[in-house]
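The structure appears below as structure tokens.
The values are calculated or read from the model by the stated rules, or taken from the named source; none is laboratory data. From a predicted model like this one, the values you see are computed outputs, not experimental measurements. Glycine also receives a Cβ, built like all others from the backbone with ideal geometry; neighbour counts cover every protein chain displayed. Surface areas here come from the heavy atoms of the whole protein model, side chains and all, with no ligands, DNA or RNA. Shrake-Rupley method; radii C 1.70, N 1.55, O 1.52, S 1.80 Å.
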Amino acid sequence: MNSYDFFCPRSRYRGPFTPENLVFDANLQEFAQKVTTISCLETGGKLSPEQAYNEIEALWQKLQTAKQELGIGDNGHDSRS
């Protein structure tokens, strides 16, 4: 195991398989990892609360865009629809 795998672990995708779901799962895991890092930086005083909020909001917008582009939740891609 290298240091990247240790600090940024990835879980296997376990939902209904479609290429879109797999890509979105990877995007979601990356979002969660970055939010965790930003939260730790804010807690440690390296980022202001406003900076942390703005960075997380930008990541959220990026995730929403990816969801829309992949069509997750539309046309039967999401099993919970």
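Worth pointing out:
- Sub-8 Å Cβ pairs linking a first residue in the stretch 45-63 that is farther than 30 Å from Asn21 by Cβ to a second residue that is at pLDDT 95 or above and not polar (S, T, N, Q), at least 6 apart or interchain, are Leu47/Ile38; Leu47/Leu41; Leu47/Glu55; Ser48/Glu42; Pro49/Glu42; Gln51/Glu42, ordered by first then second residue.
- Condition met for Gln33 (under 21 Å from Leu70 (Cβ atoms), part of a helix (DSSP H, G or I) and not aromatic (Phe, Trp, Tyr)): yes
- Single residue of the stretch 19-56 satisfying the filter (over 13 Å from Cys8 (Cα atoms) and of a type in the set (Asp, Glu)) that is nearest to the chain's Cα centre (by Cα): Asp25
- Selection within the stretch 1-31: residues that are at pLDDT below 80 and under 24 Å from Gln61 (Cβ atoms). The member of this set that is least open to solvent (accessible area, probe 1.4 Å) is Cys8.
- Only residues that are of a type in the set (S, T, N, Q), within 18 Å of Phe31 (Cα to Cα) and assigned to a loop (DSSP other than H, G, I, E, B) were counted across the stretch 1-21, and they come to 1.
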